[in-house]
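Everything below concerns the one structure shown next.
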Amino acid sequence: MDQLTTQLTIYDLSNHQVLPTQLIDLDMTMSKSADTLIAFIDDCIRKSKIDKEYFLGIGIGMPGFINAEKGMNYSFMQVDKDISLQAYLSKKIGLPVYIDNDSSLIALAELNFGEARNLKDVLVVNIGWGTGLGMIINGKLYRGSSGYAGEFSHIPLSNSNTLCSCGKRGCLEVETSLLIMVQKAEAAVKNGEETSLKTLLKIKVKAMQIIS
């Protein structure tokens with residue numbers, strides 16, 4: 001998952017893809033986003049035509065401050081206060097659910113299946129709608145003493161006074177995330193800045209006039 005889209009696929013124990021990757025637009029900041037995710041997962045299970053009893057579980061990689069042991073995401077998809085996101089999803093879907101930080105899981109995947117195989121110390125930078133970092137130290141995923149190691153996008157390195165989603169000001173993410181870049185681009189266009197799209201449209205119109 002990322003902040004705006006979610007992809008899902010199903011694998012068997014031989015690492016063969018059983019269901020082609022499915023995609024849904026899902027804004028994690030919206031209320032009831034967890035219920036939208038549940039409906040999407042249920043629909044994908046139906047498409048696979050595999051009975052739920054044959055599923056070992058569901059693994060979800062998502063952005064945010066995540067405590068994998070408690071199954072809590074403190075940044076996105078808030079549910080009832082007396083239950084964790086992991087427990088809520090598991091109860092509604094009827095299968096074991098495990099959640100973890102997306103950047104940590106990308107690093108773990110590279111360690112086991114990708115470019116980091118046979119390496120001991122690796123940094124994996126995950127740049128998308130946010131900015132994340134997964135760390136492999138001495139051949140193992142490193143979470144740090146608080147469990148949030150790798151969230152370097154929330155280190156206050158910016159001179160901006162913009163409030164970050166984590167509640168602090170000046171985080172790296174308020175300068176580097178794609179969401180911020182989109183906001184800056186929209187503001188620049190409103191202020192009259194020339195865009196490459198406008199230039200391309202002018203060229204296309206001129207070419208059509210020549211052809212006609």
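The values are calculated or read from the model by the stated rules, or taken from the named source; none is laboratory data. As the structure is a computational prediction, the values presented were derived from the model and not from experiment. When we count neighbours, we look across all protein chains shown, and the Cβ atoms used for this are built from the backbone with ideal geometry, even at glycine. Note: accessible area is taken over every heavy atom of the protein model, side chains too, but ligands, DNA and RNA are not part of it. Shrake-Rupley method; radii C 1.70, N 1.55, O 1.52, S 1.80 Å.
Listed values, structure above:
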read-out	value
Every pair of residues 6+ apart whose Cβ atoms lie under 6 Å, when the first sits in the range 152-172 and is small (Gly, Ala, Ser) while the second is at pLDDT below 70	Gly170/Ser158
Top-ranked residue of the range 13-58 - restricted to ones that are under 21 Å from Tyr74 (Cα atoms) and assigned to a loop (DSSP other than H, G, I, E, B), ranked as modelled with the highest pLDDT	Leu26
The range 73-96, residues that are touching a Gly at 6+ places or on another chain (Cβ under 9 Å), within 19 Å of Asp27 (Cβ to Cβ) and outside any helix (DSSP H, G or I)	Asn73, Tyr74, Ser75, Phe76, Met77
Pairs where the first residue, in the range 71-85, is over 15 Å from Lys32 (Cα atoms) and free of Cβ contacts under 8 Å to residues at least 24 places away in the same chain and the second is of a type in the set (Val, Ile, Thr) and open to solvent by less than 90 Å² (accessible area, probe 1.4 Å), C-beta under 8 Å, 6+ apart	Met72/Ile66; Tyr74/Ile66
Ser212 vs. criteria farther than 18 Å from Ser75 by Cα, touching a Leu at 6+ places or on another chain (Cβ under 7 Å) and at pLDDT below 70	no
Selected residue [under 14 Å from the mean Cα position of the chain (by Cα) and under 24 Å from Pro20 (Cβ atoms)] from Asn73, Asn126	Asn126
Near pairs, Cβ below 6 angstrom, 6+ apart or cross-chain, from the range 49-66 (more than 12 Å from Asp2 (Cβ to Cβ)) to any residue that is open to solvent by 90 Å² or more (accessible area, probe 1.4 Å)	Gly59/Tyr98; Phe65/Tyr74
Subset of the range 73-100 (residues that are within 20 Å of Gln3 (Cβ to Cβ), open to solvent by 10 Å² or more (accessible area, probe 1.4 Å) and touching a Phe, Trp or Tyr at 6+ places or on another chain (Cβ under 8 Å))	Tyr74, Ser75, Val79, Gln86
Answer residue from the range 102-126, given it is within 20 Å of Ile60 (Cβ to Cβ) and of a type in the set (A, V, I, L, M, F, W, C) and is surrounded by the fewest Cβ atoms within 10 Å (Cβ to Cβ) among those	Phe113
Residue match in the range 59-72 (condition: open to solvent by 40 Å² or more (accessible area, probe 1.4 Å), modelled with pLDDT of 95 or more and either touching a strand residue (DSSP E or B) at 6+ places or on another chain (Cβ under 6 Å) or not in a helix (DSSP H, G or I) (or both))	yes
Of residues in the range 132-154 being on the phi > 0 side of the Ramachandran plot and more than 17 Å from the chain's Cα centre (by Cα), the one modelled with the lowest pLDDT	Gly147
